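Structure incoming, see below.
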């Protein structure tokens with residue numbers, strides 16, 4: 001049976017910043033950078049997705065989805 005779960009690596013974290021790398025194959029790798037404002041969780045987190053292999057249009061769409069999901073949890077922890 002093939003393992004289809006992505007590999008998650010927390011590559012960097014500080015008080016107001018978290019970077020997680022998600023890799024499903026050698027050709028599908030994504031870095032998710034989350035920046036937490038001082039007013040968090042009353043303010044939205046800033047989401048930035050980066051990839052050398054995925055199209056910028058796809059990254060923009062995924063970023064929009066992530067921001068919409070975070071808006072649903074405004075005032076509560078947006079990342080768990």
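The values are calculated or read from the model by the stated rules, or taken from the named source; none is laboratory data. It should be emphasised that the depicted structure is a prediction, and the values quoted were computed from it without experimental measurement. Note: ideal-geometry Cβ built from the backbone for every residue, glycine included; neighbour counts use all protein chains shown.
Looking at 8, 18, 54 in this structure, which one is modelled with pLDDT under 95 and in a loop (DSSP other than H, G, I, E, B)?
Just a single option satisfies the conditions, and that option is 54.
Could you grab the pairs with beta carbons closer than 8 Å, sequence gap of 6+ or different chains, first residue in the range 58-80 and on the phi > 0 side of the Ramachandran plot, second one surrounded by 13 or more Cβ atoms within 10 Å (Cβ to Cβ) and in a loop (DSSP other than H, G, I, E, B)?
That search, which allows pairs on different chains as well, returns 75/41.
Among the numbered criteria (1) modelled with pLDDT under 95; (2) over 21 Å from residue 10 (Cβ atoms), which single criterion is violated by residue 80?
Single failed check for residue 80: (2).
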